[in-house]
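Step one of this worksheet: look at the structure below.
Bear in mind that the values in this text are calculations on the coordinates, not laboratory data. Since the structure is predicted, the reported quantities are computational estimates derived from the model, not experimental observations. Don't worry about glycine lacking a Cβ; one is built from the backbone with ideal geometry, like all the others, and counts go over all protein chains shown.
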DNA sequence: GATACCAATTTGGGATACCAAGGTGGTGCC
DNA sequence: GGCACCACCTTGGTATCCCAAATTGGTATC
């Protein structure tokens with residue numbers, strides 16, 4: 001793999017893993033020494049991550065994008081549009097057996113599964129579901145939206161009950177999709193996304209003070 | 001304006017204006033001499049245009065993205081999802097007076113208007129309509145989709161009748177939106193997008209031979 | 001003590017030099 | 001004539017250097 005892609009990957013992981021906090025200033029030279037590559041690939045990585053919304057410009061200079069509650073709400077609306085469209089396409093497909101692969105993915109999480117896994121599988125559910133539609137643009141839209149949501153979801157305080165409910169909703173969506181019941185699947189998915197958004201925004205708004213204390217910039221809705 | 005943004009702008013214009021044909025090979029050094037900037041801003045521009053889908057990598061090396069009929073069809077599905085969602089949001093708005101601005105935009109085109117203007121305004125209709133929703137993500141999605149469609153629409157052979165019908169459809173959509181009739185507006189917009197796609201793909205498929213003769217790579221659906 | 005101003009450092013933007021990999025054309029052998 | 005092989009050249013990837021602007025820190029003045 002070229003160094004350019006490697007820098008991008010490492011930097012993205014540092015940002016998504018909150019190793020670099022939302023709102024922190026970035027300098028190309030710091031990244032250069034931190035990652036061990038020269039400025040050229042570092043700049044290429046920053047340009048890419050900028051289009052993903054993970055970093056942004058702060059006048060002259062780079063900043064890790066803060067958590068933006070207003071943005072999270074807009075993303076939810078966007079997700080609802082593209083995910084529902086993808087799901088409807090999938091429901092119209094002749095072969096919907098592929099949903100079983102996703103169901104197996106969900107089953108792979110049990111009580112012993114580390115939190116990281118739950119986090120990743122929770123996002124992959126939506127991403128893989130969109131992939132099934134066969135539409136590259138819908139798929140990319142969902143994947144990019146989930147990437148943007150990733151840090152916020154990581155910060156969200158979720159109790160066992162909420163987690164279990166989300167998993168149940170995922171399974172219900174798959175069940176409806178397997179039957180080809182597009183309207184029901186779409187209805188369930190919409191509700192799931194809206195519910196997720198509400199819990200997410202509420203949780204972050206409540207924790208805002210604590211998050212800021214940890215050095216994480218959280219912009220209000 | 002920084003040189004980097006200028007290079008990006010110029011290069012995008014050259015690609016969208018078909019000054020550089022779909023499928024053509026690009027070398028960083030050629031662009032460098034053509035635009036009159038060094039490789040650093042050229043590379044930055046290429047990285048950005050890559051995320052817009054206007055250029056792509058061809059193993060080692062850059063290529064102006066060919067016109068891809070399968071991609072055009074997928075984009076239409078994607079557009080339908082995001083544009084309809086945006087339109088429904090707009091219909092739910094308290095103040096829908098802003099649609100008048102768009103209507104005025106349409107009126108600005110008459111028989112004397114050069115073809116370039118028609119082309120631009122035809123796309124801006126969809127972009128500005130999405131902007132009214134107030135959702136940044138839906139707006140960007142529509143804008144980026146229209147950018148990707150731009151070259152294909154430029155190549156499309158459109159008769160007067162088709163053009164007039166498209167304009168009438170635009171106006172009908174606005175009329176429904178002004179009344180807040182979301183279902184009707186959505187229905188009209190869906191139909192418009194699907195119809196546009198059909199005419200576009202059909203026209204390009206028919207002209208494929210001629211387009212290739214002009215040096216334009218056209219990938220079949 | 002506050003503030004205005006200046007020097008020094010830092011920073012991103014741009015230019016250029018260098019490199020390894022891949023492609024191309026030519027040449028000589030079969 | 002055809003094919004294998006090799007030297008050369010082009011190309012993107014990387015590193016490094018330079019520059020202008022902006023930030024910073026200190027200092028002198030009021």
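Here are some notes:
- Evaluated at q = 0.11, 0.12, 0.16, 0.19 Å⁻¹: base-10 log I(q)/I(0), Debye formula over Cα of region B:1-87: -0.35, -0.42, -0.67, -0.85
- Shortest first, residue A:21 label-point distances to identical copies amount to 5.6 nm, with the label point at 7 Å from Cα along Cα→Cβ.
- Sorted from shortest to longest, the distances between the residue B:160 label points of this copy and the other copies are 7.5 nm, with each point 7 Å from Cα along the line through the beta carbon.
- Length, then width, then depth: along the principal axes, the Cα atoms of region B:55-146 run 51, 35, 19 Å.
- Shielding by partners - mean other protein chain Cβ count within 10 Å, residues of A:44-50: 3
- Taking the longest Cα principal axis of chain B as reference, the axis of helix B:182-213 is set at about 30 degrees.
- Between 0 and 90°, nearest 10: helix B:160-179 axis offset from chain B longest Cα axis: 50 degrees
- Relative frequency of Cα-Cα separations exceeding 34 Å in chain A, percent: 19 percent
- Between helix A:136-155 and chain A: long-axis angle, C-alpha atoms, 0 to 90°, nearest 10: 70 degrees
- Over every Cα atom in the protein assembly as shown, the radius of gyration and the widest Cα-Cα span, Dmax, amount to 22.9, 71 Å.
- Only DSSP H runs of four or more residues enter the estimate; each adds -39500 (n - 2.57), and after division by the residues of chain B the mean residue ellipticity at 222 nm equals -23500 deg cm²/dmol.
- Starting from the label point of residue B:100 at 7 Å along Cα→Cβ, the same points in the other copies fall at 6.0 nm, in ascending order.
- Distance (nanometres) between label positions extended 7 Å along Cα→Cβ at residue B:100 and residue A:14: 5.3 nm
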